[in-house]
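Please find one structure pasted underneath; my questions will follow.
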Amino acid sequence: MTDMKSAGLTVSVEEALRIILDSVRPLSGESIPIMEASDRVLYDDVVADTNVPPLDDSGMDGYALIAADTAGASRDRPARLEIVGEVQAGASTEGKEVTKGTAIRIMTGAPIPRGADAVIQVEDTEEEGGYVRVFRQATRFENYRFAGESIKVGDTILNRGDRLTSAKVGILASLNHNTVSVYRQPTVSIISTGNELADIGEDMQFGQIRNVNAYTLHAEVGRYGGLPLYLGIVKDTMADAREVFLKALGSDVVISTGGVSMGKYDFVKDIFVDLGIDILFEWVKVKPGRPCTFGKKGDKLVFGLPGNPVSSLTSFIQFVRPALLRLMGATRINKPVVNAVLDEDIKKQAGKVFLLRGRFTIRNNELHVVTTGNQKSSVLRSMSEANCLIVIPEDTTRMKAGERVAIQLIDHDEL
Ligand code: AMP
Ligand code: MG
């Protein structure tokens, strides 16, 4: 159809990723309730305007006392202190003071009364007739939690670009933030191309297969914080597809699958050109996933992913995922790559990076990896059994069992 097909722009995996990331302009921010903010990315730094904890308080149930009063105390020779009061968590310490030879009964989280410089835990004491016997020497500031020891006024406690983990949501709560500024979630239109595709529930005609890609990609988009919008199957003609691609350009990101290879009816790049999408690359030196078109129109990112179910998924992981994370302002976008011991021999051709579907396990504190079977890019089964991609460099042609190999941990959070 077009002569750009065979020539085209071929890039390495690294170049492809750089081109994509250079094209991303992070989205704007929005304010949302912290109860809905898990996994979203912070749009602003968070600076503490209160101390956490707000007051010095006790880390244990026990007795607030003066450590020096327990000097030399032991089981046999306990220190004996007069109990002059009690402070409960949430109660005031007004009018309460520990002076030499006295102690105040105190609960975990209760403010430390004036005069005390330590809390001895209840397990090391015995109470009797208004006195407490202390069976060991207390150290100064033992079980003593200082105001601001967790967070001090003025600390930049969370940073723009941080993903909000549960602990970070808790930090926001501790600082009395009911809402938080986060990056907007990108909207992502998903289109499946192919005359042979039947959607779930549709009757299968001779020669048809189920549409798989829309569903794997819908799941992936959601997993990385995008808002997926499935626009259905389009036939392999400009006439059928043009309107749908045009509608898709209403989203921040467009992902189509199929129709970007060398076949006579691979028309997706013609649509890109027709709709004024600048094509920045067309082929990547990687297997699976060689046919992979990326373009942009204004700030819209458009991915023409390959049709084979494994290729579209691995291409998503390598290229679309980091783009979505960057759109959402995330600073951490790399899946960890670590070394593992290869437990089988591998042969491959030179000239492309291979991403083999693998499963790693841990034996004797070491990572070991094997492939998960049939590596054809049409065989999703081996991808569904994989927990990593084994990365074999462009120029390597064989690897022996026992050698160390790089594996990308696709189920691990980004570092
Ligand atoms: P294409 O690049 O369009 O020639 O597609 C390559 C291969 O992937 C063909 O065998 C297609 O049938 C298959 N394929 C394309 N799209 C999908 C899809 N959405 N779900 C499952 N298989 C697909
Ligand atoms: Mg096709």
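The values are calculated or read from the model by the stated rules, or taken from the named source; none is laboratory data. Predicted model, so just to flag it, every value in this text is computed and none were measured. Cβ: placed from backbone, ideal geometry, glycine included. Neighbour counts: every protein chain shown.
Do you know which of the residues in the stretch 347-387 that are part of a strand (DSSP E or B) and touching a residue at least 40 places away in the same chain (Cβ under 8 Å) is farthest from ligand 1 (Cβ to nearest atom)?
Residues of the stretch 347-387 that are part of a strand (DSSP E or B), as a first pass: 347, 353-363, 366-371.
Add one more test, that the residue is touching a residue at least 40 places away in the same chain (Cβ under 8 Å), and what stays is 347, 353-355, 357-358, 360, 367.
On the way: K347: 24, V353: 20, F354: 19, L355: 17, R357: 17, G358: 22, F360: 27, L367: 32 Å.
Taking the candidates together, the pick is L367.
Given the residues T331, T314, which is the only one that is of a type in the set (S, T, Y), surrounded by fewer than 19 Cβ atoms within 10 Å (Cβ to Cβ) and out of contact with any Cys (no Cβ under 8 Å at 6 or more places or on another chain)?
Just a single option satisfies the conditions, and that option is T331.
Looking at F272, F303, which one is away from ligand 2 (no atom under 12 Å from the Cβ), more than 14 Å from I20 (Cβ to Cβ) and modelled with pLDDT of 95 or more? Step through it out loud before you land on a result.
On the way: F303 fails: more than 14 Å from I20 (Cβ to Cβ).
Of F272, F303, the one residue that is away from ligand 2 (no atom under 12 Å from the Cβ), more than 14 Å from I20 (Cβ to Cβ) and modelled with pLDDT of 95 or more is F272.
Applying the selection to the stretch 248-263, what residues are in contact (Cβ under 8 Å) with a residue 40 or more places away in the chain, more than 20 Å from E220 (Cβ to Cβ) and within 10 Å of ligand 1 (Cβ to nearest atom)? Before you say what the answer is, go through the steps one by one.
To start, the set of residues in the stretch 248-263 that are in contact (Cβ under 8 Å) with a residue 40 or more places away in the chain comprises 248-262.
Within this subset, residues satisfying the condition of being more than 20 Å from E220 (Cβ to Cβ) are 249-250, 261-262.
Result: S261, M262.
Would you pick out the residues in the stretch 45-97 that are without any contact (Cβ under 8 Å) to a residue 60 or more places away in the chain, touching a strand residue (DSSP E or B) at 6+ places or on another chain (Cβ under 8 Å), under 15 Å from P111 (Cβ atoms) and of a type in the set (D, E)?
E86, E97
Looking at T165, T193 in this structure, which one is within 16 Å of ligand 2 (Cβ to nearest atom) and of a type in the set (S, T, Y)? Can you show your working first?
On the way: T165 fails: within 16 Å of ligand 2 (Cβ to nearest atom).
Checking each option against the conditions leaves just T193.
Mind checking which residues of the stretch 168-214 are aromatic (F, W, Y) and either within 21 Å of the chain's Cα centre (by Cα) or buried (at least 20 other Cβ atoms within 10 Å of the Cβ) (or both)?
Taking the stretch 168-214 first, the residues aromatic (F, W, Y) are 183, 206.
Listed by number, the list holds a single entry, Y183.
In the stretch 264-292, what count of residues is obtained for those that are surrounded by fewer than 22 Cβ atoms within 10 Å (Cβ to Cβ), of a type outside the set (A, V, I, L, M) and more than 9 Å from ligand 1 (Cβ to nearest atom)?
Qualifying residue count, the stretch 264-292: 10.
Mind listing whichever residues of the stretch 127-160 are over 17 Å from V52 (Cβ atoms) and of a type in the set (A, V, I, L, M, F, W, C)? Show your work before the answer.
Taking the stretch 127-160 and keeping what is over 17 Å from V52 (Cβ atoms), we get 127-143, 159-160.
Residues satisfying the conditions are V132, V134, F135, A138, F141.
Looking at (1) in contact with a Leu (Cβ under 8 Å, 6 or more places away or on another chain); (2) hydroxyl-bearing (S, T, Y); (3) within 16 Å of ligand 2 (Cβ to nearest atom), can you tell me which one T361 breaks?
That leaves (3) as the condition not met.
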